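I have placed the structure first, in the form of structure tokens, so that the comments after it can refer back to it.
The values are calculated or read from the model by the stated rules, or taken from the named source; none is laboratory data. The shown structure was predicted, so the numbers you read here are calculated from the model rather than taken from an experiment. Cβ placement follows ideal geometry from the backbone for every residue including glycine, while neighbour counts extend to all protein chains displayed. Accessible surface areas use protein heavy atoms only, side chains included; no ligands, DNA or RNA. Shrake-Rupley method; radii C 1.70, N 1.55, O 1.52, S 1.80 Å.
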Amino acid sequence: MRIVVVGSGGREHAICDTLAEEGHQVVAAPGNPGIAARAEVTTEPVESLDADLFVVGPEAPLVDGLADRLRAQGKLVFGPGRDGAMLEGSKNFMKRVAAEAGLPTAAFAAFEDEAAAFRYLESMAPPYVVKTDGLAAGKGVLVTEDLAEAKADVAAKLSGSAFGEAGRRVIIEEGMVGPEVSLLAVVDGERAIALRPAADHKRLLDGDRGPNTGGMGAYSPVPFFGAELEARAMAEIVEPAVARLIEMGIDYRGVLYAGLMLTSAGPKLVEFNVRFGDPEAQVVLPALGAGLGEFLAQAAAGEMGDPPPVRHAAAATVVMAAPGYPEAPRVGGVISGVEAAGTMAGVKVFHAGTKAGPGGELLVSGGRVLSVTGFAGRMEDALARAYAAIARIHFEGAQYRSDIGARALSAGRQSEKA
Ligand code: AMP
Ligand code: GLY
């Protein structure tokens, strides 16, 4: 098939690479230098392109209605229309659907008024959770034990100074506690099929300290989220959500990504995303055997078959971010060693925030720069491969976590003992 992939990040590189490896003719719009090494890239408007299938990577064009515009031209599209994409585009809408579908999730309230928001915060127990209602690239969430910090964050968001219009309405949530899992389900308008679960590391620094980011690393599978918990999360969260969407007249075709927290009372929904996770896609998709293109095309056509088999038992990715990320990434640094790292056995280096410089050198051009991924039969080997590859890559001020997958390794050791 000829497949157009919309986007330019590490997730889109992983999608393009997996589809190209299956023999599809891939065109990325606009793509990035890593994608350009093995697929066509174009800056033409997506609506002007022709293909057997369009796969929309990021949330912003989905919320903006790109899938609707392409479908109106008669094209086959993997990705929800604007109506379904509002599950990610508005946390308030997501919470409404969650309430109507009876999904387990944190209690919450939405505020545009500061004094009312402060009163609600004072009535809650820590941790305090403050979110922007609109899109903020994964960075609009504060989780803190400190009431004064929570209030200052509400004030900054409502004033528009922190996140512009996206912050003019804030959501304050009950704090949930537990490990997090990303459950990515492919939906064909009627049914949902889960891909292998992954776990993400949202905080910038080792030990889950520092600010929230778009994601600093991920791994799959997740040893503390076994088949029983997955079945429960599908039955209690993903399937009722899809049923509710159908009742609302929303024909949802694409990824429904449930961000889960494994609380003492069972899996609870933190958020829905309407696309593959980034960096979860980098560990989920390339670990599959052939058949992703067919599977996505079937889902887009409303008649999904079986998902592709898994070929790598373990996958882990470590994100290398620019200095100053996430507040104020400093771009322009020269990156070296990517090619050497990419030739190592069981390693793929996905580009995110990179661009080609005037002399053909590779430059830092965004917050998350590279997603360095290892594949192996065992998680410790996948992680070792990712970190060995990172040791070959250099750019000034690179930030990355050294503890990606630590929880998977300790959970794995416990289940070996049991
Ligand atoms: P979100 O953008 O809603 O996924 O939030 C980003 C991150 O903030 C999540 O992955 C969690 O780590 C954290 N978070 C969000 N909501 C809550 C909550 N209600 N309780 C505890 N942590 C949360
Ligand atoms: N890694 C989190 C996300 O894609 O939203």
note = With 0.36 nm assigned to each residue of separation and the Cα-Cα distance removed, residue 114 to residue 388 gains 93.8 nm
task = Can you figure out the FRET efficiency of residue 247 with residue 82, using R₀ = 22 Å and their beta-carbon distance, to the nearest 0.05?
result = 0.75
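Given a 1.4 Å probe and every protein chain left where it sits, what share in percent of the accessible area of the chain is carbon and sulfur? Kindly include the intermediate steps, with their values, before the conclusion.
Values: 8210 of 16170 Å².
Solvent-exposed carbon and sulfur of the chain make up 51 percent of the total.
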request  = Select from 367, 405, 324 the residue whose mean-square fluctuation is largest in a Gaussian network model of the chain (Cα-Cα springs shorter than 10 Å).
outcome  = 324
Zero-based 10 Å bins, Cα pair distances in segment 356-418, whole percents = 17, 40, 26, 12, 4, 1
key: P(r) histogram, all alpha-carbon pairs of segment 279-321 included - 10 Å bins from 0, percent   = 27, 42, 25, 6
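For segment 146-246, what is the convex hull (Cα atoms) projected area averaged across all directions, in square nanometres? Working shown, then result.
Working: hull surface 34.6 nm².
Averaged projected hull area, Cα only: 8.7 nm².
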ask   = Given DSSP loops and a limit of at most 16 other Cβ atoms within 10 Å, what is the longest stretch of the chain that contains no such trypsin sites (Lys or Arg not before Pro)?
value = 39-167
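So for the chain, averaging the separation of alpha carbon pairs under 8 Å that are six or more residues apart and normalising by length, what relative contact order in percent results?
Details: 1022 pairs, mean separation 67.3, N = 418.
Answer for the chain is 16 percent.
Could you compute the FRET efficiency for residue 25 and residue 344, with r as their C-beta to C-beta distance and R0 at 25 Å, rounded to 0.05? Spell out each step's value before the answer.
On the way: r = 28 Å, r/R0 = 1.10.
Computed FRET efficiency for residue 25 and residue 344 comes out at 0.35.
With runs of 4+ DSSP H residues as the only contributors, calculate the mean residue ellipticity of the chain at 222 nm using -39,500 (n - 2.57) per run, divided by the residue total and rounded to the nearest 500. Don't skip to the answer; put the middle values down first.
Numbers: 15 runs with 130 residues, N = 418.
Estimated from H runs of four or more residues: -8500 deg cm²/dmol.
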request  = Compute the distribution of all C-alpha to C-alpha distances in segment 248-387, in bins of 5 Å from 0, and list the percent of pairs in each, rounded to whole numbers.
outcome  = 2, 9, 13, 15, 17, 17, 13, 9, 4, 1, 0, 0
ask   = Counting only residues 5 or more places away or on other chains, whose amide H sits under 5 Å from the amide H of residue 41 once H atoms are built in the peptide plane?
value = 28
ask   = Sorted from largest down, what three extents in whole angstroms do the Cα atoms of the chain have along their principal axes?
value = 55, 52, 47
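Taking 0.36 nm per residue of sequence separation and subtracting the Cα-Cα distance, how much length would be gained by fully extending the chain between residue 406 and residue 125, in nm to one decimal? Intermediate results must be reported in sequence, preceding the final value.
On the way: separation 281, 0.36 × 281 = 101.16 nm, distance 2.91 nm.
Extending this stretch completely gives an extra 98.2 nm.
Determine the per residue accessible area of the chain with all protein chains present and a 1.4 angstrom probe, expressed in square angstrom.
Values: 16170 Å² over 418 residues.
Roughly 39 Å² per residue, with all protein chains present.
When the Cα atoms of segment 1-118 are enclosed in a convex hull and the volume is divided per residue, what value in Å³ results?
Working: hull volume 18.1 nm³, N = 118.
Given the Cα convex hull of segment 1-118, per-residue volume reads 153 Å³.
Suppose R0 equals 30 Å. What FRET efficiency, 1/(1 + (r/R0)^6) with r the Cβ-Cβ distance, do residue 144 and residue 232 give to the nearest 0.05?
On the way: r = 30 Å, r/R0 = 0.99.
The computed FRET efficiency comes out at 0.50.
Only Cα pairs under 8 Å and at least 6 apart count here; give the relative contact order of segment 188-235 as a rounded whole percent. Don't skip to the end; give the middle numbers.
Values: 48 pairs, mean separation 15.9, N = 48.
That works out to 33 percent.
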task = Taking only Cα atoms and a 10 Å spring cutoff, compute GNM fluctuations for the chain and point out the largest among 300, 231, 265.
result = 265
message = Which of 331, 318, 364 ends up with the largest GNM mean-square fluctuation for the chain, with Cα atoms connected below 10 Å?
response = 331
key: Inter-probe distance in nm under a simple model that places probes 7 Å from Cα toward Cβ, at residue 107 and residue 378   = 4.7 nm
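With contacts defined as alpha carbon pairs under 8 Å and 6 or more residues apart, what's the relative contact order of segment 160-208 in percent? Intermediate values should be presented prior to the final figure.
Details: 33 pairs, mean separation 11.8, N = 49.
Rounded, it is 24 percent for segment 160-208.
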